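Below is one structure; the comments refer to it alone.
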Amino acid sequence: MLKLYNTPKKQLETFSPKTPEKVTIYTCGPTVYSAPHIGNFAAYIYWDLLLRVLKKNGFTPYRVLNLTDVGHLTSDADSGEDKLEKGAKREGKTVWEIADTYIDLFKSDFKKLNLLEPEIWARATDYIEDSKSLVEKLIKNDFVYETSDGLYFDTSKFPAYADFAHLDLNHAKAGARVKFSSEKKNLSDFAVWKFIKPGENHTMRWDFLGRPGYPGWHLECSTIIHKELGEPIDIHAGGIDHIPVHHTNEIAQTFGAFKTPLAYFWLHCNFLTINGEKVSKSLGNILTLNDLEKNDFSVFDFKLWLYQGHYRSERNFTFSDLEAAKNRRLSWTNAYLVSLQLAEKAPRPSIKTSEFTSDLLSRLNDDLNSASAFALIDEKKETLSAPDWEYVEDLFSLNLLENLKSDSFSSLEASLREKIDARNSARLKKDFKTADALRDELLTRGISLLDTPSGTFWQLV
Ligand code: AMP
Ligand code: ZN
(Lines give C-alpha, C1' and ligand atoms only; values in the text may rest on other atoms or scores of the structure.)
(Ligands and ions follow the chains in the order given, each with its own letter.)
Protein backbone atom coordinates (compact mmCIF):
# COMPACT_ATOMS: atom_id res chain seq x y z
CA MET A 1 0.00 0.00 0.00
CA LEU A 2 1.57 3.23 -1.20
CA LYS A 3 1.37 6.22 1.13
CA LEU A 4 2.31 9.71 -0.01
CA TYR A 5 2.45 13.01 1.83
CA ASN A 6 -0.26 15.24 0.44
CA THR A 7 0.69 18.92 0.74
CA PRO A 8 -2.66 20.64 1.36
CA LYS A 9 -3.76 18.16 3.98
CA LYS A 10 -0.27 18.02 5.48
CA GLN A 11 -0.48 14.28 6.05
CA LEU A 12 0.35 10.87 4.69
CA GLU A 13 -2.45 9.35 2.67
CA THR A 14 -2.97 6.07 0.89
CA PHE A 15 -2.67 6.55 -2.84
CA SER A 16 -5.44 4.85 -4.79
CA PRO A 17 -6.05 6.32 -8.24
CA LYS A 18 -9.38 5.93 -9.99
CA THR A 19 -7.70 4.50 -13.06
CA PRO A 20 -4.64 2.46 -12.08
CA GLU A 21 -3.90 1.78 -15.76
CA LYS A 22 -3.48 5.50 -16.40
CA VAL A 23 -2.25 7.47 -13.43
CA THR A 24 -2.15 11.09 -14.54
CA ILE A 25 0.87 13.04 -13.34
CA TYR A 26 2.12 16.54 -14.00
CA THR A 27 5.57 17.69 -12.89
CA CYS A 28 6.30 21.41 -13.29
CA GLY A 29 9.20 21.82 -15.66
CA PRO A 30 12.21 24.08 -16.08
CA THR A 31 12.40 27.57 -17.49
CA VAL A 32 14.70 27.05 -20.43
CA TYR A 33 16.87 30.17 -20.41
CA SER A 34 20.17 28.80 -19.13
CA ALA A 35 21.90 25.52 -18.31
CA PRO A 36 19.89 23.27 -15.98
CA HIS A 37 21.61 22.71 -12.63
CA ILE A 38 21.77 19.97 -10.03
CA GLY A 39 18.99 21.70 -8.04
CA ASN A 40 16.57 21.32 -10.98
CA PHE A 41 17.61 17.73 -11.46
CA ALA A 42 17.10 16.97 -7.78
CA ALA A 43 13.39 17.51 -8.41
CA TYR A 44 13.27 15.26 -11.49
CA ILE A 45 15.37 12.56 -9.80
CA TYR A 46 12.88 12.46 -6.93
CA TRP A 47 9.93 12.29 -9.33
CA ASP A 48 11.65 9.51 -11.24
CA LEU A 49 11.61 7.43 -8.07
CA LEU A 50 7.93 8.25 -7.68
CA LEU A 51 7.20 6.94 -11.18
CA ARG A 52 9.21 3.77 -10.65
CA VAL A 53 7.58 3.07 -7.29
CA LEU A 54 4.15 3.56 -8.88
CA LYS A 55 5.08 1.02 -11.55
CA LYS A 56 6.23 -1.55 -8.99
CA ASN A 57 2.85 -1.11 -7.28
CA GLY A 58 1.16 -2.15 -10.51
CA PHE A 59 0.13 1.33 -11.71
CA THR A 60 0.84 2.77 -15.14
CA PRO A 61 1.94 6.38 -14.88
CA TYR A 62 1.07 8.85 -17.63
CA ARG A 63 3.15 11.93 -17.08
CA VAL A 64 3.42 15.36 -18.64
CA LEU A 65 6.45 17.60 -18.15
CA ASN A 66 6.26 21.20 -19.34
CA LEU A 67 9.05 23.35 -20.70
CA THR A 68 8.62 27.04 -19.92
CA ASP A 69 9.81 29.04 -22.90
CA VAL A 70 7.72 32.17 -22.36
CA GLY A 71 6.23 34.35 -19.68
CA HIS A 72 8.35 33.50 -16.62
CA LEU A 73 9.47 36.88 -15.33
CA THR A 74 12.50 37.48 -13.15
CA SER A 75 10.16 38.39 -10.30
CA ASP A 76 7.30 36.13 -9.21
CA ALA A 77 5.24 39.30 -8.66
CA ASP A 78 4.60 39.75 -12.41
CA SER A 79 7.30 42.35 -12.82
CA GLY A 80 10.84 42.29 -14.19
CA GLU A 81 12.09 40.87 -17.42
CA ASP A 82 10.99 37.71 -19.21
CA LYS A 83 13.74 35.22 -18.41
CA LEU A 84 13.96 34.10 -22.03
CA GLU A 85 14.47 37.68 -23.24
CA LYS A 86 17.18 38.01 -20.60
CA GLY A 87 18.93 34.84 -21.83
CA ALA A 88 18.74 36.07 -25.43
CA LYS A 89 20.42 39.37 -24.56
CA ARG A 90 23.10 37.61 -22.54
CA GLU A 91 24.05 35.31 -25.39
CA GLY A 92 23.31 37.51 -28.38
CA LYS A 93 20.80 34.98 -29.72
CA THR A 94 17.09 35.03 -30.45
CA VAL A 95 14.69 33.88 -27.75
CA TRP A 96 13.76 30.95 -29.95
CA GLU A 97 17.39 29.88 -30.25
CA ILE A 98 17.81 30.20 -26.48
CA ALA A 99 14.74 28.03 -25.89
CA ASP A 100 15.89 25.38 -28.39
CA THR A 101 19.41 25.28 -26.99
CA TYR A 102 18.35 24.81 -23.38
CA ILE A 103 15.52 22.42 -24.16
CA ASP A 104 18.05 20.21 -25.95
CA LEU A 105 20.48 20.47 -23.06
CA PHE A 106 17.78 19.70 -20.51
CA LYS A 107 16.64 16.66 -22.47
CA SER A 108 20.13 15.32 -22.97
CA ASP A 109 20.98 15.69 -19.26
CA PHE A 110 17.64 14.05 -18.45
CA LYS A 111 18.65 11.11 -20.64
CA LYS A 112 22.13 10.99 -19.15
CA LEU A 113 20.54 10.48 -15.72
CA ASN A 114 18.45 7.70 -17.19
CA LEU A 115 15.22 9.31 -16.01
CA LEU A 116 11.99 7.90 -17.40
CA GLU A 117 10.86 10.03 -20.33
CA PRO A 118 7.52 11.78 -19.84
CA GLU A 119 4.70 10.62 -22.08
CA ILE A 120 4.44 14.23 -23.23
CA TRP A 121 7.04 17.00 -23.29
CA ALA A 122 4.84 20.09 -23.37
CA ARG A 123 6.41 23.31 -24.60
CA ALA A 124 4.47 26.37 -23.39
CA THR A 125 4.57 28.16 -26.76
CA ASP A 126 2.89 25.16 -28.41
CA TYR A 127 -0.20 25.85 -26.28
CA ILE A 128 -0.83 29.53 -26.97
CA GLU A 129 -4.28 29.08 -28.53
CA ASP A 130 -5.32 26.83 -25.63
CA SER A 131 -3.95 29.42 -23.20
CA LYS A 132 -6.03 32.11 -24.84
CA SER A 133 -9.20 30.05 -24.57
CA LEU A 134 -8.51 29.46 -20.90
CA VAL A 135 -8.24 33.22 -20.39
CA GLU A 136 -11.50 33.68 -22.33
CA LYS A 137 -13.20 31.28 -19.93
CA LEU A 138 -11.84 33.24 -16.98
CA ILE A 139 -13.16 36.47 -18.49
CA LYS A 140 -16.54 34.89 -19.13
CA ASN A 141 -16.71 33.59 -15.55
CA ASP A 142 -15.79 37.05 -14.27
CA PHE A 143 -12.49 36.18 -12.59
CA VAL A 144 -10.34 38.62 -14.54
CA TYR A 145 -9.90 42.39 -14.65
CA GLU A 146 -7.73 44.59 -16.82
CA THR A 147 -4.89 46.90 -15.82
CA SER A 148 -2.56 48.93 -18.01
CA ASP A 149 -0.10 46.03 -18.25
CA GLY A 150 -2.27 42.96 -18.47
CA LEU A 151 -5.22 40.83 -17.45
CA TYR A 152 -5.20 39.89 -13.80
CA PHE A 153 -6.90 37.13 -11.85
CA ASP A 154 -8.97 38.57 -9.03
CA THR A 155 -8.06 36.28 -6.14
CA SER A 156 -10.79 37.74 -3.91
CA LYS A 157 -13.31 35.98 -6.17
CA PHE A 158 -11.88 32.59 -5.22
CA PRO A 159 -12.59 32.30 -1.49
CA ALA A 160 -10.40 29.21 -1.10
CA TYR A 161 -7.35 31.02 -2.52
CA ALA A 162 -5.39 30.99 0.74
CA ASP A 163 -6.21 27.41 1.71
CA PHE A 164 -3.70 25.39 -0.29
CA ALA A 165 -0.62 27.14 1.06
CA HIS A 166 -2.25 28.12 4.39
CA LEU A 167 -1.55 31.73 3.47
CA ASP A 168 -2.24 34.59 5.82
CA LEU A 169 -3.32 37.15 3.24
CA ASN A 170 -4.18 39.91 5.71
CA HIS A 171 -0.79 39.68 7.29
CA ALA A 172 0.95 39.63 3.88
CA LYS A 173 -1.01 42.69 2.82
CA ALA A 174 -0.07 44.63 5.93
CA GLY A 175 3.61 43.81 5.52
CA ALA A 176 3.67 44.77 1.87
CA ARG A 177 1.40 47.82 2.00
CA VAL A 178 4.25 50.21 1.31
CA LYS A 179 5.33 48.39 -1.83
CA PHE A 180 1.78 47.63 -2.92
CA SER A 181 1.14 50.49 -5.28
CA SER A 182 0.27 48.79 -8.57
CA GLU A 183 -3.15 48.73 -10.15
CA LYS A 184 -3.77 45.29 -8.72
CA LYS A 185 -6.92 45.01 -6.62
CA ASN A 186 -5.38 42.52 -4.20
CA LEU A 187 -1.77 41.86 -3.42
CA SER A 188 -2.13 38.20 -4.37
CA ASP A 189 -3.72 38.89 -7.80
CA PHE A 190 -1.59 37.66 -10.67
CA ALA A 191 -1.30 38.15 -14.42
CA VAL A 192 -2.89 35.57 -16.68
CA TRP A 193 -1.96 37.58 -19.76
CA LYS A 194 0.56 40.40 -20.17
CA PHE A 195 0.21 43.21 -22.70
CA ILE A 196 3.18 44.36 -24.73
CA LYS A 197 3.32 48.13 -24.70
CA PRO A 198 4.27 50.05 -27.84
CA GLY A 199 8.05 50.12 -28.07
CA GLU A 200 8.47 47.32 -25.53
CA ASN A 201 11.03 44.78 -26.57
CA HIS A 202 9.37 41.39 -26.24
CA THR A 203 10.02 39.06 -29.17
CA MET A 204 7.54 36.34 -28.32
CA ARG A 205 4.15 37.95 -28.92
CA TRP A 206 0.68 36.89 -29.92
CA ASP A 207 -2.39 38.95 -30.77
CA PHE A 208 -5.18 38.60 -28.29
CA LEU A 209 -8.14 40.89 -27.70
CA GLY A 210 -6.82 43.23 -30.37
CA ARG A 211 -3.32 43.83 -29.02
CA PRO A 212 0.01 42.02 -28.71
CA GLY A 213 0.83 40.11 -25.56
CA TYR A 214 1.99 36.85 -24.03
CA PRO A 215 0.69 34.44 -21.38
CA GLY A 216 1.39 34.84 -17.66
CA TRP A 217 3.74 32.19 -16.34
CA HIS A 218 1.25 30.19 -14.24
CA LEU A 219 -1.23 29.87 -17.08
CA GLU A 220 0.66 27.23 -19.05
CA CYS A 221 0.34 24.58 -16.36
CA SER A 222 -3.44 24.91 -16.01
CA THR A 223 -3.72 24.98 -19.80
CA ILE A 224 -1.54 21.97 -20.50
CA ILE A 225 -3.15 19.92 -17.75
CA HIS A 226 -6.61 20.67 -19.15
CA LYS A 227 -5.58 19.78 -22.70
CA GLU A 228 -3.41 16.73 -22.10
CA LEU A 229 -4.66 15.13 -18.91
CA GLY A 230 -8.02 16.48 -17.81
CA GLU A 231 -8.43 17.69 -14.27
CA PRO A 232 -8.40 16.68 -11.50
CA ILE A 233 -5.18 14.80 -12.16
CA ASP A 234 -3.89 12.13 -9.81
CA ILE A 235 -0.58 13.72 -8.85
CA HIS A 236 0.89 17.16 -9.29
CA ALA A 237 4.52 17.63 -8.24
CA GLY A 238 7.03 20.45 -7.97
CA GLY A 239 9.45 22.18 -5.61
CA ILE A 240 8.33 23.73 -2.31
CA ASP A 241 9.02 27.14 -3.85
CA HIS A 242 5.86 26.57 -5.89
CA ILE A 243 3.47 26.18 -2.97
CA PRO A 244 2.64 29.81 -2.07
CA VAL A 245 2.50 31.33 -5.56
CA HIS A 246 2.76 29.12 -8.62
CA HIS A 247 0.67 26.14 -7.52
CA THR A 248 -1.75 28.31 -5.60
CA ASN A 249 -2.30 30.30 -8.80
CA GLU A 250 -2.64 27.19 -10.96
CA ILE A 251 -5.39 25.98 -8.60
CA ALA A 252 -7.17 29.35 -8.73
CA GLN A 253 -7.12 29.51 -12.54
CA THR A 254 -8.35 25.97 -13.00
CA PHE A 255 -11.17 26.57 -10.55
CA GLY A 256 -12.03 29.86 -12.24
CA ALA A 257 -12.18 28.28 -15.69
CA PHE A 258 -13.56 24.80 -15.03
CA LYS A 259 -14.95 24.82 -11.47
CA THR A 260 -12.92 21.76 -10.58
CA PRO A 261 -9.97 21.03 -8.33
CA LEU A 262 -6.68 20.61 -10.15
CA ALA A 263 -5.17 17.54 -8.49
CA TYR A 264 -5.88 14.92 -5.83
CA PHE A 265 -2.29 14.61 -4.60
CA TRP A 266 0.31 17.37 -4.39
CA LEU A 267 3.93 16.42 -3.78
CA HIS A 268 6.64 18.98 -3.09
CA CYS A 269 10.34 18.42 -2.83
CA ASN A 270 12.60 20.50 -0.66
CA PHE A 271 15.64 22.41 -1.87
CA LEU A 272 19.08 21.35 -2.79
CA THR A 273 21.46 23.82 -1.19
CA ILE A 274 25.18 24.62 -1.34
CA ASN A 275 26.62 26.20 1.81
CA GLY A 276 23.04 26.38 3.06
CA GLU A 277 21.81 28.48 0.11
CA LYS A 278 19.30 27.27 -2.46
CA VAL A 279 21.03 26.28 -5.68
CA SER A 280 19.57 28.67 -8.21
CA LYS A 281 20.36 30.43 -11.42
CA SER A 282 19.58 33.80 -9.91
CA LEU A 283 21.95 33.31 -6.95
CA GLY A 284 24.67 32.19 -9.34
CA ASN A 285 25.80 29.25 -7.19
CA ILE A 286 24.95 26.54 -9.66
CA LEU A 287 26.70 23.30 -10.53
CA THR A 288 25.73 21.34 -13.64
CA LEU A 289 26.02 17.63 -14.35
CA ASN A 290 29.01 18.52 -16.47
CA ASP A 291 30.73 20.06 -13.43
CA LEU A 292 30.25 16.81 -11.52
CA GLU A 293 31.78 14.82 -14.36
CA LYS A 294 34.71 17.22 -14.66
CA ASN A 295 35.42 16.43 -11.01
CA ASP A 296 35.56 12.73 -11.82
CA PHE A 297 32.11 11.77 -10.58
CA SER A 298 29.41 9.89 -12.37
CA VAL A 299 25.98 11.53 -12.52
CA PHE A 300 24.76 8.30 -10.91
CA ASP A 301 26.93 9.01 -7.83
CA PHE A 302 24.89 12.19 -7.52
CA LYS A 303 21.64 10.27 -7.84
CA LEU A 304 22.71 7.87 -5.10
CA TRP A 305 23.79 10.78 -2.90
CA LEU A 306 20.37 12.38 -3.33
CA TYR A 307 18.42 9.23 -2.53
CA GLN A 308 20.40 8.88 0.71
CA GLY A 309 18.08 11.59 1.99
CA HIS A 310 14.38 12.21 1.60
CA TYR A 311 12.63 14.35 -0.99
CA ARG A 312 10.89 16.43 1.70
CA SER A 313 14.14 17.30 3.50
CA GLU A 314 16.54 20.02 2.49
CA ARG A 315 19.82 18.54 1.19
CA ASN A 316 23.10 20.40 1.40
CA PHE A 317 25.51 19.37 -1.32
CA THR A 318 29.26 18.95 -0.72
CA PHE A 319 31.86 17.17 -2.82
CA SER A 320 33.09 15.22 0.20
CA ASP A 321 29.61 13.76 0.74
CA LEU A 322 29.50 12.96 -2.96
CA GLU A 323 32.80 11.10 -2.57
CA ALA A 324 31.23 8.98 0.20
CA ALA A 325 28.25 8.26 -2.07
CA LYS A 326 30.62 7.26 -4.87
CA ASN A 327 32.28 4.73 -2.53
CA ARG A 328 28.91 3.38 -1.44
CA ARG A 329 27.93 2.96 -5.07
CA LEU A 330 31.18 1.12 -5.82
CA SER A 331 30.57 -1.24 -2.92
CA TRP A 332 27.12 -2.04 -4.38
CA THR A 333 28.59 -2.51 -7.84
CA ASN A 334 31.02 -5.05 -6.41
CA ALA A 335 28.36 -6.92 -4.46
CA TYR A 336 26.28 -7.00 -7.65
CA LEU A 337 29.28 -8.34 -9.62
CA VAL A 338 29.78 -11.17 -7.15
CA SER A 339 26.08 -12.08 -7.41
CA LEU A 340 26.42 -12.21 -11.20
CA GLN A 341 29.49 -14.42 -11.05
CA LEU A 342 27.74 -16.70 -8.59
CA ALA A 343 24.76 -16.91 -10.93
CA GLU A 344 27.13 -17.88 -13.76
CA LYS A 345 28.65 -20.65 -11.67
CA ALA A 346 25.33 -22.06 -10.54
CA PRO A 347 22.47 -20.76 -12.66
CA ARG A 348 19.32 -20.43 -10.63
CA PRO A 349 15.81 -19.84 -11.87
CA SER A 350 15.16 -16.13 -11.69
CA ILE A 351 13.04 -15.31 -8.68
CA LYS A 352 10.55 -12.55 -9.35
CA THR A 353 9.98 -11.46 -5.81
CA SER A 354 11.98 -12.24 -2.73
CA GLU A 355 11.68 -11.26 0.90
CA PHE A 356 14.23 -8.55 0.14
CA THR A 357 12.32 -7.01 -2.77
CA SER A 358 9.05 -6.86 -0.90
CA ASP A 359 10.75 -5.32 2.12
CA LEU A 360 12.45 -2.79 -0.17
CA LEU A 361 9.20 -1.80 -1.84
CA SER A 362 7.32 -1.50 1.41
CA ARG A 363 9.95 0.93 2.70
CA LEU A 364 9.57 3.01 -0.47
CA ASN A 365 5.81 2.84 -0.16
CA ASP A 366 6.25 4.85 3.00
CA ASP A 367 6.36 8.21 1.18
CA LEU A 368 9.37 7.23 -0.96
CA ASN A 369 11.64 6.57 2.01
CA SER A 370 14.75 5.92 -0.05
CA ALA A 371 17.10 6.36 2.91
CA SER A 372 15.45 3.45 4.68
CA ALA A 373 15.51 1.38 1.47
CA PHE A 374 19.25 2.09 1.17
CA ALA A 375 19.86 0.95 4.75
CA LEU A 376 18.24 -2.36 3.82
CA ILE A 377 20.46 -2.73 0.74
CA ASP A 378 23.57 -2.15 2.85
CA GLU A 379 22.42 -4.63 5.45
CA LYS A 380 21.70 -7.37 2.91
CA LYS A 381 24.13 -6.59 0.10
CA GLU A 382 26.37 -9.65 0.58
CA THR A 383 23.38 -11.98 0.27
CA LEU A 384 21.48 -10.41 -2.61
CA SER A 385 20.93 -12.40 -5.79
CA ALA A 386 21.38 -10.98 -9.28
CA PRO A 387 17.57 -10.56 -9.69
CA ASP A 388 17.49 -8.70 -6.36
CA TRP A 389 20.05 -6.25 -7.78
CA GLU A 390 18.03 -5.91 -10.97
CA TYR A 391 15.09 -4.92 -8.79
CA VAL A 392 17.27 -2.30 -7.07
CA GLU A 393 18.17 -0.96 -10.51
CA ASP A 394 14.52 -0.93 -11.63
CA LEU A 395 13.73 1.38 -8.72
CA PHE A 396 16.74 3.67 -8.45
CA SER A 397 18.41 3.32 -11.84
CA LEU A 398 21.90 3.79 -10.43
CA ASN A 399 23.65 2.25 -13.42
CA LEU A 400 25.71 0.09 -11.06
CA LEU A 401 27.40 -1.73 -13.93
CA GLU A 402 28.32 1.55 -15.63
CA ASN A 403 32.09 1.03 -15.49
CA LEU A 404 31.76 -2.34 -17.16
CA LYS A 405 30.56 -0.51 -20.25
CA SER A 406 33.81 1.44 -20.54
CA ASP A 407 36.24 0.80 -23.41
CA SER A 408 39.06 -0.10 -21.06
CA PHE A 409 36.91 -2.77 -19.48
CA SER A 410 35.69 -4.31 -22.73
CA SER A 411 39.27 -4.74 -23.96
CA LEU A 412 40.02 -6.65 -20.77
CA GLU A 413 36.80 -8.61 -20.55
CA ALA A 414 37.64 -11.26 -23.16
CA SER A 415 40.79 -12.35 -21.37
CA LEU A 416 39.60 -11.78 -17.82
CA ARG A 417 38.44 -15.29 -17.08
CA GLU A 418 41.58 -16.83 -18.63
CA LYS A 419 43.79 -14.59 -16.51
CA ILE A 420 41.92 -15.48 -13.33
CA ASP A 421 42.13 -19.21 -14.17
CA ALA A 422 45.86 -18.91 -14.96
CA ARG A 423 46.44 -17.08 -11.69
CA ASN A 424 44.50 -19.70 -9.71
CA SER A 425 46.31 -22.64 -11.30
CA ALA A 426 49.70 -20.94 -10.65
CA ARG A 427 48.61 -20.61 -7.02
CA LEU A 428 47.72 -24.29 -6.86
CA LYS A 429 51.16 -25.15 -8.21
CA LYS A 430 52.60 -22.86 -5.56
CA ASP A 431 54.07 -20.70 -8.33
CA PHE A 432 53.36 -17.57 -6.30
CA LYS A 433 55.58 -15.38 -8.47
CA THR A 434 53.38 -15.93 -11.54
CA ALA A 435 50.18 -15.77 -9.47
CA ASP A 436 51.17 -12.44 -7.91
CA ALA A 437 52.27 -11.01 -11.26
CA LEU A 438 48.87 -11.83 -12.76
CA ARG A 439 47.03 -10.37 -9.78
CA ASP A 440 49.12 -7.17 -10.02
CA GLU A 441 48.49 -6.88 -13.75
CA LEU A 442 44.74 -7.08 -13.12
CA LEU A 443 45.03 -4.51 -10.37
CA THR A 444 46.68 -2.00 -12.69
CA ARG A 445 43.72 -2.52 -15.01
CA GLY A 446 41.21 -1.77 -12.26
CA ILE A 447 40.26 -5.31 -11.23
CA SER A 448 40.80 -6.79 -7.79
CA LEU A 449 40.37 -10.45 -6.91
CA LEU A 450 38.39 -11.69 -3.97
CA ASP A 451 39.20 -15.22 -2.79
CA THR A 452 36.37 -16.85 -0.85
CA PRO A 453 35.44 -20.41 0.16
CA SER A 454 33.04 -20.49 -2.81
CA GLY A 455 35.72 -19.43 -5.27
CA THR A 456 37.51 -16.42 -6.64
CA PHE A 457 35.49 -13.37 -7.73
CA TRP A 458 36.61 -10.26 -9.51
CA GLN A 459 35.56 -6.78 -8.53
CA LEU A 460 36.30 -3.20 -9.47
CA VAL A 461 38.86 -1.22 -7.52
P1 AMP B 1 12.89 26.49 -12.60
O2 AMP B 1 13.65 26.23 -13.87
O3 AMP B 1 13.61 27.41 -11.65
O4 AMP B 1 11.46 26.90 -12.86
O5 AMP B 1 12.83 25.10 -11.82
C6 AMP B 1 12.36 23.88 -12.34
C7 AMP B 1 12.09 22.90 -11.22
O8 AMP B 1 13.26 22.67 -10.43
C9 AMP B 1 11.00 23.37 -10.25
O10 AMP B 1 10.18 22.27 -9.90
C11 AMP B 1 11.77 23.87 -9.07
O12 AMP B 1 11.02 23.78 -7.88
C13 AMP B 1 12.97 22.91 -9.05
N14 AMP B 1 14.15 23.51 -8.40
C15 AMP B 1 14.80 24.63 -8.77
N16 AMP B 1 15.84 24.86 -7.94
C17 AMP B 1 15.85 23.86 -7.04
C18 AMP B 1 16.68 23.52 -5.92
N19 AMP B 1 17.75 24.24 -5.57
N20 AMP B 1 16.39 22.40 -5.22
C21 AMP B 1 15.34 21.63 -5.57
N22 AMP B 1 14.51 21.89 -6.61
C23 AMP B 1 14.76 22.99 -7.34
ZN1 ZN C 1 3.43 24.54 -12.87
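The values are calculated or read from the model by the stated rules, or taken from the named source; none is laboratory data. No experiment lies behind these values; they were computed from the predicted model shown. Cβ atoms come from the backbone with ideal geometry, glycine included; neighbour counts cover every protein chain shown. Please note that ligands, DNA and RNA were not included when accessible areas were found on the heavy atoms of the full protein model with its side chains. Shrake-Rupley method; radii C 1.70, N 1.55, O 1.52, S 1.80 Å.
Tabulated values for the structure
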| quantity | calculated |
| --- | --- |
| Length-normalised contact order for segment 248-336 - Cα pairs under 8 Å, 6+ apart - percent | 29 |
| Residue 293 accessible area, 1.4 Å probe, all protein chains in place, Å² to nearest 10 | 70 |
| Positive-end extreme of charge dipole, segment 331-461 - chosen from 376, 412, 398 (charges on Cβ) | 412 |
| Given 380/433; 86/132; 3/137; 18/326, the pairs whose alpha carbons are separated by over 29 Å | 380/433; 3/137; 18/326 |
| Nearby lysines by direct alpha-carbon distance to residue 429 (threshold 20 angstrom, same-chain neighbours under 8 apart not counted) | 419 |
| The chain, relative contact order [Cα under 8 Å, separation at least 6], % | 17 |
| Prolate/oblate/rounded label for segment 412-460 (Cα gyration tensor, a/c 1.5) | oblate |
| Alpha carbon centroid spacing (whole Å) that separates segment 404-461 from segment 1-56 | 44 |
| Of all accessible heavy-atom area on segment 289-396, the percent that carbon and sulfur account for (1.4 Å) | 48 |
| Sequence-distant residues sharing a close amide H with residue 144 (under 5 Å, placed H) | 154 |
| Residue-count net charge about residue 369 - beta-carbon cut-off 11 Å; Lys, Arg +1, Asp, Glu -1 | +1 |
| Principal axis box of the chain, alpha-carbon based, largest edge first, Å | 92, 49, 38 |
| Length-normalised contact order for segment 331-429 - Cα pairs under 8 Å, 6+ apart - percent | 34 |
| Most positive-pole-ward Cα, 215, 460, 42, against dipole of the chain from beta carbon charges | 460 |
| Segment 412-460, accessible surface, carbon-and-sulfur percent (1.4 angstrom probe) | 54 |
| DSSP-defined beta bridges in the chain - what % are antiparallel, rounded to 5 | 55 |
| Residue 102 accessible area, assembled protein chains, probe 1.4 Å, Å² | 30 |
| MRE, 222 nm, helices only [DSSP H, n ≥ 4, -39500 (n - 2.57), over the chain, to nearest 500] | -13000 deg cm²/dmol |
| Per residue solvent-accessible surface (Å²) - segment 289-396, probe of 1.4 Å | 44 |
